[in-house]
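See structure below.
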Amino acid sequence: MAFLTHFPVAPIHHHSSSLFTRFFLTPKPKTLLIFATLSPSHFSSTSTIIPSSSSSSSSSSSSSSSLETFQEISLPEETPLQIAQEKLFIPPDTEISSEKSPRILRGSNIVLSKYARDAQIVSAEFVKSSVETDACPSDGSPEFALVGRSNVGKSSLLNSIVKRKKLALTSKKPGKTQCINHFRINDSWYLVDLPGYGYASAPHELKQDWNKFTKDYFLNRSTLVSVFLLIDASIPAKKIDLEYASWLGQNQVPMTIVFTKCDKRKKKKNGGKHPEENVQDFQELISKYFDSVPPWIMTSSLTNQGRDEILLHMSQLRNYWLNH
């Protein structure tokens, strides 16, 4: 398999983060995932606290890296369960009552927990590029790594998350796409942009280097809360994506699957499938590699679908990580 040739099979590595044990090492469900979507009417107007207008204007003027606008992130209300419980991702320290319906993030299988707070992004700035894990920022802040096949829409998603059209362009300068790129968020945590895999035009030597330091980063970065693996939902599952997901699962690296380009609709008469169908197919194909269901979110950088859900999910993982 192409990916496994880049990341040789080795004895199972237990990731330094305790999150994998708490998230994934539970009895494997016998049924497969199904797709569920909650309509916008299921979302309330209650939200996390946002900065006042005065603080937002001062932040924008004081730093070029600060966001120009702040938007509320709505929390979903309790909703009738649309997915079988064993197919949900239930965060640690979260209980589901038979008498009370859980709150599920729209276009995902993720249950909202009490740790979902402080989700809004106030500032974002590029910090540094590194070619080895030891050279990454060492302040101990939690981080989330974005990785995916070339042309999956990683830079677009990163810009959508922070609402900055050109933030990820920093990593497109000569040489930067070959590095581990750290972006400081709210001066308290990091988004990490990793080199895309499967880029056919890259020299073999560069591919080997990228895979070497990316693998080392996954296995040895103690502040890595979760890898966000981007999968193009507008096309059928690619072998290299399945291999990447299986490698992360076999090495117990905490992972969230982010399905991109979910706004694209292929015409049925041309043999294309809707994103929802590709999402379900991918989950069925990787189910054998995981003891329990990994979290997943459907997104579109064009419509900003999934942006708030990603931020809420990141916030609950991050706050749990900080408290444990």
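The values are calculated or read from the model by the stated rules, or taken from the named source; none is laboratory data. Predicted, not measured: the structure shown is a model, and the values here were computed from it. Cβ atoms come from the backbone with ideal geometry, glycine included; neighbour counts cover every protein chain shown. Ligands, DNA and RNA are stripped out before the accessible areas are found, and what is left, the full protein with its side chains, is counted by its heavy atoms. Shrake-Rupley method; radii C 1.70, N 1.55, O 1.52, S 1.80 Å.
Key figures for this structure:
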read-out	value
Residue check, residue 81 under 25 Å from residue 283 (Cβ atoms) and modelled with pLDDT under 90	yes
Residue ranges of strands (runs of 3 or more DSSP E) in the stretch 209-324 with at least 1 members open to solvent by 10 Å² or more (accessible area, probe 1.4 Å)	224-232
Selection from the stretch 179-206 of residues that are surrounded by 17 or more Cβ atoms within 10 Å (Cβ to Cβ) and at pLDDT below 75	202
From the options 299, 260, residue that is touching a residue at least 24 places away in the same chain (Cβ under 8 Å) and in contact with a Cys (Cβ under 8 Å, 6 or more places away or on another chain)	299
Members of the stretch 104-118 found to be touching a strand residue (DSSP E or B) at 6+ places or on another chain (Cβ under 9 Å) and part of a loop (DSSP other than H, G, I, E, B), listed by number	105, 106, 107, 109, 112, 116
